[in-house]
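In what follows, a structure is listed as structure tokens, so that the remarks can point back to it.
None of the figures in this text is laboratory data; all of them are computed from the coordinates on show. Just so it is clear, the structure is predicted and the values come from calculations on it, not from any experiment. Here the Cβ is made from the backbone with ideal geometry for all residues, glycine too, and neighbour counts use every protein chain on show.
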Amino acid sequence: MAAGTANLSEKMVHPAVKPLSDLLGTWKGEGEGFFPTISSFNYSEELQFTHSPNKPVIAYSQKTWNLKSGQPMHSESGYWRPKPDGTIEVVIAQSTGLVEVQKGTYDMKEGVVKLKSELVGNASKVKEITRVFKVENYELSYVVEMATSVTDLQPHLRASLKKL
Ligand code: HEM
């Protein structure tokens with residue numbers, strides 16, 4: 001990207017979103033799912049962070065596919081609202097019907113966003129969800145942990161994506 005283009009797009013980012021501007025764009029990669037009660041699986045994923053320069057919010061969406069068959073799997077979308085004090089609140093609606101309100105912190109010097117559910121709604125067995133995202137050298141990785149009515153907080157997903 002030409003230096004002039006980068007400067008222009010940086011200027012067009014809302015000040016509240018600017019600390020997280022490394023996230024903006026489309027990411028593609030692969031992940032692995034596991035949990036003590038299920039068989040492990042592998043998936044491909046496309047994830048997008050977009051935003052309008054006049055809004056202090058990042059729109060988030062992701063879709064996944066079974067790595068072997070190509071069949072669609074889980075998808076979800078929501079909004080990330082970073083605050084100037086380094087805290088962030090996130091709402092996510094999942095294709096399964098489950099909804100999350102997540103609260104946490106971001107530290108973009110370390111390239112880390114940490115989220116913990118304050119509310120999990122319309123879920124049959126999920127009690128808690130944590131999400132940790134790391135961004136470094138155009139690579140985005142995350143770990144999602146969940147607790148259910150029968151299993152303590154443990155990893156369910158781990159993925160690594162590259163910026164397109
Ligand atoms: C299983 C929740 C994301 C694929 C499960 C189970 C729960 C769950 C509660 C059942 C566990 C049990 O029975 O003990 C969630 C939550 C997610 C999430 C809260 C996001 C925060 C995903 C994603 C994928 C996925 C992104 C696919 C890429 C699966 C599969 C199973 C499963 C394949 C096993 C189903 C089966 O064996 O019947 N998930 N999930 N999940 N999840 Fe997720």
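Placing pseudo-labels 7 Å out from each Cα toward the beta carbon at L164 and V101 gives an inter-label distance of 3.3 nm.
Rounded if a/c is under 1.5, else prolate if a/b is larger than b/c, else oblate: which is region 1-115, with a ≥ b ≥ c the root eigenvalues of its Cα gyration tensor? Taking the square roots of the gyration eigenvalues as a ≥ b ≥ c, region 1-115 is prolate.
For region 19-66 versus region 127-152, the spacing of their alpha-carbon centroids is 11 Å.
Of the trypsin sites (Lys or Arg not before Pro) found in region 89-164, those that fall in a DSSP loop while having at most 16 other beta-carbon atoms within 10 Å are K109, K125.
Can you bin region 62-115 into rounded, prolate or oblate? Criterion: square roots of the alpha carbon gyration tensor eigenvalues sorted a ≥ b ≥ c, rounded for a/c under 1.5, prolate for a/b above b/c, oblate for the rest. Here region 62-115 falls in the oblate category. How much net charge surrounds N42 when only other residues with a Cβ under 10 Å from its Cβ are counted (Lys, Arg +1; Asp, Glu -1)? Residues near N42 contribute -1 overall.
Anything over 24 Å Cα to Cα? Flag those among K68/K114; K28/K83; K109/K163; K83/K114, in the order listed.
Numbers: K68/K114 30 Å; K28/K83 27 Å; K109/K163 19 Å; K83/K114 14 Å.
Check vs 24 Å cut-off fails for K68/K114; K28/K83.
Largest mean-square fluctuation among S141, S52, S44, in a Gaussian network model of the chain whose springs join Cα atoms under 10 Å apart, belongs to S52. Placing a label point 7 Å from the Cα of K28 along the Cα-to-Cβ direction, the residues of region 69-113 whose backbone N falls under 19 Å of that point are 69-76. Applying a DSSP loop filter and a limit of 15 other Cβ atoms within 10 Å to the GluC sites (Glu not before Pro) in region 45-76 leaves nothing. In the neighborhood of V57, defined by Cβ-to-Cβ distances under 14 Å, what is the net charge if each Lys or Arg adds +1 and each Asp or Glu adds -1? Combined, the nearby Lys, Arg, Asp and Glu give +3. Taking a ≥ b ≥ c as the square roots of the eigenvalues of the alpha carbon gyration tensor, region 63-164 is oblate, as a/c is not under 1.5 and a/b does not beat b/c.
Straight-line cross-link reach from K162 at under 16 Å between alpha-carbon atoms covers these aspartates and glutamates, not counting any fewer than eight positions away in the same chain: D22, E30, E32, E45, E46, E136, E139. Return the aspartates and glutamates within reach of K127: Cα separation strictly under 16 angstrom, same-chain partners fewer than 8 residues apart disregarded; answer none if there are no such residues. Within the straight-line cut-off, K127 pairs with E100, E118, E145, D152. Within the listed set T151, T64, T50, the Gaussian network model of the chain (springs between alpha-carbon atoms below 10 Å) gives the highest mean-square fluctuation for T151.
Per residue, the Cα convex hull of region 109-164 amounts to 95 Å³.
Relative contact order for the chain: what percent, with Cα pairs under 8 Å and sequence separation of 6 or more? It comes to 18 percent, rounded to a whole number.
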